[in-house]
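The values are calculated or read from the model by the stated rules, or taken from the named source; none is laboratory data. Being a predicted model, the structure only gives us computed values, none of them experimental. No Cβ is skipped: glycine too gets one built from the backbone with ideal geometry, and neighbour counts run over all protein chains shown. Ligands, DNA and RNA are stripped out before the accessible areas are found, and what is left, the full protein with its side chains, is counted by its heavy atoms. Shrake-Rupley method; radii C 1.70, N 1.55, O 1.52, S 1.80 Å.
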Amino acid sequence: MDVRAAVAFEAGKPLEIETVQLEGPRPFEVMVEIKATGICHTDEFTLSGADPEGIFPSILGHEGAGVVVEIGEGVTSVKPGDHVIPLYTPECRQCPSCLSRKTNLCTAIRATQGKGLMPDGSSRFSFQGKPIQHYMGCSTFANFTVLPEIAVAKVREDAPFDKICYIGCGVTTGIGAVINTAKVEPGAKAIVFGLGGIGLNVIQGLRLAAADMIIGVDINPDRKAWGERFGMTHFVNPKEIGTDLVPYLVDMTKKGADQIGGADYTFDCTGNVQVMRQALEACHRGWGVSVVIGVAPSGAEIATRPFQLVTGRVWKGTAFGGARGRTDVPKIVDWYMDKKIEIDPMITHILPLSDINRGFDLMHKGESIRSVVVY
Ligand code: NAD
Ligand code: AHE
Ligand code: ZN
């Protein structure tokens with residue numbers, strides 16, 4: 001069938017809106033009509049050419065919500081008409097990773113997903129007779145897409161697509177990093193580096209976890225008001241302090257008898273490896289945990305003195321906030337519908353597919369938190 005898609009033909013070039021062909025679902029696959037999709041920094045990362053797994057031409061987008069329109073043979077967990085959120089981290093509940101209970105990183109289809117293919121090794125999308133690759137197993141920058149059954153989370157039908165699409169990545173990643181990965185306890189002191197679409201969700205996760213001190217760090221001064229809106233208690237703009245950032249942050253966290261200082265938890269939401277180092281080194285000696293969320297370009301590496309780890313700081317990472325998608329995503333949709341978490345104010349721009357490149361421009365200029373394309 002014909003579908004409308006924003007196609008990434010080449011790294012570093014704007015997306016092109018085209019009519020492309022989509023084949024129906026094969027066994028254990030579902031076709032979903034995408035109703036809305038967010039634009040995450042990771043889409044920009046891949047489009048820029050910085051992603052070692054980037055493949056072109058492809059249909060990007062991994063933060064969507066929609067309705068199942070057709071199911072392939074053998075599909076039992078969803079039916080046409082069900083509302084779903086596509087999962088770039090699927091949950092098969094059968095692979096060694098799912099069974100380990102130690103990780104959310106299901107390995108059932110990761111190899112083909114990374115090559116832009118469905119689990120049987122082929123693509124369902126084509127343009128002028130040539131295949132177009134899928135992206136992160138989702139390709140939500142098309143108004144219809146095909147996904148493996150294990151890569152959709154069924155969600156309640158009264159939740160608005162143009163808001164819950166954000167749960168497909170940013171909301172779950174930020175809140176999950178706090179709750180699942182760092183397991184922040186009430187009263188903790190935390191520092192969040194980068195207050196964009198992910199960092200603000202880390203902040204609202206820290207508020208949920210009842211952290212005491214929530215320091216936000218960003219080079220964009222406009223992000224101060226944004227952080228405060230979701231529970232940030234202090235803001236630091238590294239360009240304005242006139243001194244080294246790490247000792248400045250450590251000083252801010254010194255209190256009472258504890259004159260060593262340092263945060264209990266820090267989160268990198270920038271993808272900048274120098275910032276990742278600062279986040280680790282701003283942790284408290286003996287127990288501070290730093291969580292890497294940002295995705296760094298091909299070839300980038302992190303560094304620190306091993307002494308930082310010898311003295312008890314812990315460096316961790318998280319993908320999709322450690323969430324098990326089919327299990328956890330419907331619960332996060334409930335949290336939103338029950339007003340336990342906020343989404344609406346973070347969606348700063350709603351765009352038609354024809355304006356999708358504007359969403360990337362707004363991100364580059366630091367003018368949006370999340371742009372959402374509504375089909
Ligand atoms: P964004 O563009 O909305 O926000 C990034 C923020 O970082 C901006 O506010 C920017 O001003 C700030 N920033 C940039 N350089 C900085 C610096 N040197 N110091 C302090 N702040 C700085 O991006 P986003 O959508 O929030 O994504 C953030 C990162 O998280 C990206 O690298 C993205 O690829 C990654 N990500 C990872 C996961 C995961 O599962 N691990 C999920 C989603 C996104
Ligand atoms: N292809 C990149 C890796 C990108 C990456 O780490 N992606 C995160 C999700 S970012 C969502 O916005 C992720 O899920 N990682 C786990 C995985 O299996 O990819 C690269 O650097 O190669
Ligand atoms: Zn994302």
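A few remarks follow.
- Residue 278 vs. criteria assigned to a helix (DSSP H, G or I) and open to solvent by less than 20 Å² (accessible area, probe 1.4 Å): no
- If you go through the stretch 344-375 and keep only what is within 15 Å of residue 141 (Cα to Cα), hydroxyl-bearing (Ser, Thr, Tyr) and within 15 Å of ligand 1 (Cβ to nearest atom), you end up with just 371.
- Screening the candidates 264, 251, 212, 244 for the property of being farther than 27 Å from residue 362 by Cα, in contact with a strand residue (DSSP E or B) (Cβ under 7 Å, 6 or more places away or on another chain), modelled with pLDDT of 95 or more and surrounded by fewer than 18 Cβ atoms within 10 Å (Cβ to Cβ) yields one hit, 212.
- Looking only at residues of the stretch 322-346 that are outside any helix (DSSP H, G or I) and open to solvent by 20 Å² or more (accessible area, probe 1.4 Å), we find that the one that is farthest from residue 291 (Cα to Cα) is 338.
- Search result, residues across the stretch 124-147 that are closer than 25 Å to residue 105 by Cβ, open to solvent by 10 Å² or more (accessible area, probe 1.4 Å) and part of a strand (DSSP E or B): 133
- Of 270, 318, 311, all but one fail to be within 26 Å of residue 215 (Cβ to Cβ), open to solvent by 50 Å² or more (accessible area, probe 1.4 Å) and touching a residue at least 24 places away in the same chain (Cβ under 8 Å); the exception is 270.
- Meets criteria (surrounded by fewer than 19 Cβ atoms within 10 Å (Cβ to Cβ), within 16 Å of ligand 1 (Cβ to nearest atom) and touching a residue at least 24 places away in the same chain (Cβ under 8 Å)) for residue 48: yes
- Number of positions in the stretch 149-180 that are crowded, with 24+ Cβ neighbours inside 10 Å, assigned to a helix (DSSP H, G or I) and either in contact with a Lys or Arg (Cβ under 7 Å, 6 or more places away or on another chain) or basic (Lys, Arg) (or both): 2
- All conditions but one from (1) within 13 Å of ligand 1 (Cβ to nearest atom); (2) touching a Leu at 6+ places or on another chain (Cβ under 7 Å) apply to residue 231; the one that does not is (1).
- All conditions in (1) more than 15 Å from ligand 2 (Cβ to nearest atom); (2) open to solvent by 50 Å² or more (accessible area, probe 1.4 Å); (3) touching a helix residue (DSSP H, G or I) at 6+ places or on another chain (Cβ under 6 Å) hold for residue 105, with the sole exception of (1).
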